[in-house]
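Down below is the structure, laid out as structure tokens.
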Amino acid sequence: MFPKEVRIVEVGARDGLQNESSVSTNDKVTLINGLVKAGLNSIEAGAFVSPKWVPQMADTKDVLAQLELSNANFSVLTPNLKGAELALSAGVKEFAIFTAASEAFTKKNINCTIDESIERFAPIMTLAKENNIKVRGYVSCVMGCPYQGEVAISEVLRVTKALLDMGCYEVSLGDTVGVGNAAYTQRLLTALLEYIPADKLAVHFHDTYGQALTNIYVALSLGIATVDSAVAGLGGCPYAQGASGNVATEDLIYLLDGLGIYHGVDLNSVIETAWQISRALNKTPQSKVSLAMQVHD
Ligand code: HMG
Ligand code: MG
């Protein structure tokens, strides 16, 4: 059964730009302000991760300092207590912790095992609770891993439950490499929904094989009502070589409009923002809708 309303979590400024070199702080702020103006209310604005690991996110504090933080729900990635403390002092009201259902990916991405990552999250949850901060969880590689290949559905379930049990208000299921397809999406989500209510799950599809929208359609049909996307289809993951960006926000909106599902975002404004950031990156948007409905200044 399709939801009546979908919450779009815009991750372009983090998941997108973590993979791009030389985007100025000003361009990031312009991007995020454009997204807010378009009506996006859940926006991942950056990451307090090690600048040695992901230098593209090193200016997250400066980006946040230039935003009007009351204008939207801004979140940031926090891999450890240090990241969470930095996020707290920057004034964000939502942390995002992230691990994976693949040991090999977890090691490459955050330099520890899955179980160690969950141990590391415990003090983040305590800090969050003390300061009234919401925490979102991510499980990466839910449909396959660039290093170990197959990932067991039972492991996706175990890790997702662990994050929910420790207090995450929802878990976003990441097809980090974008290898999923409709049948596998149906299988995975049906298995998880036996144990976890739909309103605790979000989906996060990278579009490497062009299957993201189809997979989202399946997820929506199963009652999932939170979908991550990135304006202009920006992005990838530095630790998943060859993976392309998230499903484009514009394409997601077009799908939702066709299904009559409310989302509260202005498509033309998102397209304008998509072209603006793409020009700053010297690219064209990775979005069929933005290409079809090009807006010129
Ligand atoms: P480590 O090297 O094991 O950490 O990295 P450490 O604790 O040994 O610290 C080493 C150095 O990093 C120290 O500095 C720390 O202070 C510093 P030094 O003494 O050498 O000068 N450090 C930090 N600096 C700033 N912020 C911090 C921080 N923590 C330590 N938070 C660590 C472990 C987790 C930090 C590292 O592996 C890391 O930052 N990884 C992040 C990788 C990343 O951002 N990946 C991309 C995002 S995940 C993704 O894209 C998937 C997702 O989109 C979902 C999907 O698609 O599936 C979410
Ligand atoms: Mg991602």
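See the values below:
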item	result
Accessible area in square angstrom per residue, the chain, 1.4 angstrom probe	42 Å²
Dipole magnitude (debye, nearest 20) for region 192-292, charges at Cβ of Lys, Arg, Asp, Glu	280 debye
In Å, descending, principal axis extents of the Cα set of region 61-206	43, 29, 26
Pairwise FRET efficiency - residue 181 versus residue 131, Cβ, R0 = 30 Å, nearest 0.05	0.15
Two-site label geometry, residue 71 and residue 221: point separation in nm, points 7 Å out along Cα→Cβ	3.9 nm
Using θ = phi - 60° and Karplus 6.51 cos²θ - 1.76 cosθ + 1.60, couplings along region 167-180 (whole Hz; Gly, Pro as x)	x, 5, 7, 7, 10, 9, 8, x, 8, 4, 8, x, 9, x
The chain, Rg to Rh (Cα coordinates; Rh as Kirkwood inverse mean 1/r)	0.93
Estimated FRET transfer efficiency (residue 5, residue 52; beta-carbon r; R0 41 Å; 0.05)	0.50
DSSP bridge orientation in the chain - percent antiparallel, rounded to nearest 5	10 percent
FRET efficiency for residue 26 and residue 257, using Cβ-Cβ distance with R0 set to 45 Å, rounded to 0.05	0.90
Magnitude of the charge dipole, the chain, Cβ model with Lys/Arg +1 and Asp/Glu -1, debye to 20	260 debye
Where 209, 169, 217 fall by accessible area, highest first, once all protein chains stay in place (1.4 Å)	209, 217, 169
Cα Rg over Rh - region 162-297, Kirkwood	0.99
Rh by Kirkwood over Cα pairs, then Stokes-Einstein D for region 1-43 at 0.692 mPa s and 37 °C, µm²/s	281 µm²/s
Between region 33-91 and region 241-297, the alpha-carbon center distance in angstrom	21 Å
For the chain, calculated [θ]222 nm from helices alone, where every DSSP H run of n ≥ 4 adds -39500 (n - 2.57)	-12000 deg cm²/dmol
Accessible-area composition of region 144-297, carbon plus sulfur, in percent [1.4 Å probe]	50 percent
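The values are calculated or read from the model by the stated rules, or taken from the named source; none is laboratory data. Nothing here was measured: the structure is a model prediction, and the numbers come from that model. Note: ideal-geometry Cβ built from the backbone for every residue, glycine included; neighbour counts use all protein chains shown. The accessibility values were calculated without ligands, DNA or RNA, using every heavy atom of the protein model including side chains. Shrake-Rupley method; radii C 1.70, N 1.55, O 1.52, S 1.80 Å.
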